[in-house]
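Everything below concerns the one structure shown next.
Laboratory data are not the source of any read-out in this text; all were calculated from the coordinates shown. Nothing here was measured: the structure is a model prediction, and the numbers come from that model. Ideal geometry is used to build each Cβ from the backbone, glycine not excepted, and the neighbour counts take in all protein chains shown.
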Amino acid sequence: MASFDVKSMNEGRTNDSTSSGYNLGFTAASLRPELARIVAERYLEYGDWALAKDRILASNALQCRSTASAVRLERELRQRLETLSLDQITLLATATAEDRTAIAWLAACRRIRFAFEFAAEVLRDKIASQDPILRPSDYESYVETKGLIHPELDRLTPSSKIRIRQALLLMLSEAGLLSSESSSVTICRPAISSTVVRAITSDNPHWLAGFLVPDNEIPSRRMP
């Protein structure tokens with residue numbers, strides 16, 4: 001398995017990586033970078049997450065069909081963005097579509113440890129071993145291994161397991177880490193701009209593992 005620095009990861013702003021259990025309630029939203037941009041814009045406008053939430057829901061800024069759907073979607077996107085630095089939120093709100101997608105994936109990694117570890121451990125290892133095809137058995141093995149230390153995975157209902165798997169694979173595809181143009185699912189190391197790299201490394205470079213950057217290309221974290 002990849003040897004990224006878990007201790008350094010846990011020092012970052014994240015609602016999940018510092019906890020003992022996985023956050024598995026992320027299926028309310030896939031990556032949705034355009035909607036994440038709206039949440040980021042409202043936060044930058046009002047400077048307060050609660051006020052931004054109220055304005056988003058009052059105006060139906062996320063264009064949901066029901067109030068319940070809007071509440072779930074806003075909550076999931078906001079909780080992801082709350083893990084980002086102010087510079088990263090600003091980049092999400094103002095960047096190109098490609099950079100916006102990258103920062104949305106960064107936010108998902110920081111919020112959803114289950115997703116980050118799958119990318120950093122399973123996908124990176126397969127790329128390193130020159131086996132770029134993602135097979136169902138790769139995911140099943142990952143869940144089985146993680147279930148030994150995360151019993152919440154074993155407590156999931158069969159339908160929840162399916163939804164989580166589908167949501168994760170969709171996010172990975174949206175982030176450019178997976179491609180299914182052929183009959184197989186291919187793992188891809190996404191191209192990220194120097195702007196995004198700077199935004200990550202200035203905060204905590206170890207999150208680059210979620211973009212399949214190998215350890216020898218991840219700079220040591222600069223301590224304050």
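Annotations
- Contact order normalised by residue count of the chain, Cα under 8 Å, 6+ apart, percent: 27
- Loop-located GluC sites (Glu not before Pro) across the range 149-204 with a Cβ neighbour count of 13 or fewer within 10 Å are GLU181, with loop assigned by DSSP.
- Label-point separation in nm, GLU98 to ARG198, each point 7 Å along Cα→Cβ: 1.6
- Less than 5 angstrom separates the built amide H of VAL185 from those of LEU134, all sequence-distant by 5 or more or on a different chain.
- The chain, dipole about Cα centre (Lys/Arg Cβ +1, Asp/Glu Cβ -1), debye to the nearest 20: 460
- Computed from the alpha carbon atoms alone, the convex hull of the range 48-174 holds 148 Å³ per residue.
- Take the Cα of ASP154, step 7 Å toward its Cβ, do the same at ASN60, and the gap between the two points is 4.6 nm.
- Within the shell of other residues whose beta carbon sits under 13 angstrom from the beta carbon of ALA128, the net charge comes to -2, with Lys and Arg scored +1 and Asp and Glu -1.
- Put in order of Cβ neighbour count within 10 Å, fewest first, the listed residues GLU121, GLU217 become GLU217, GLU121.
- Calculation over all alpha carbon pairs of the range 120-189 in 10 angstrom steps from 0 returns a P(r) of 19, 50, 28, 3 percent.
- Lys-Lys pairs in the chain that are eight or more residues apart or on separate chains and whose Cα atoms lie under 24 Å of each other come to 5.
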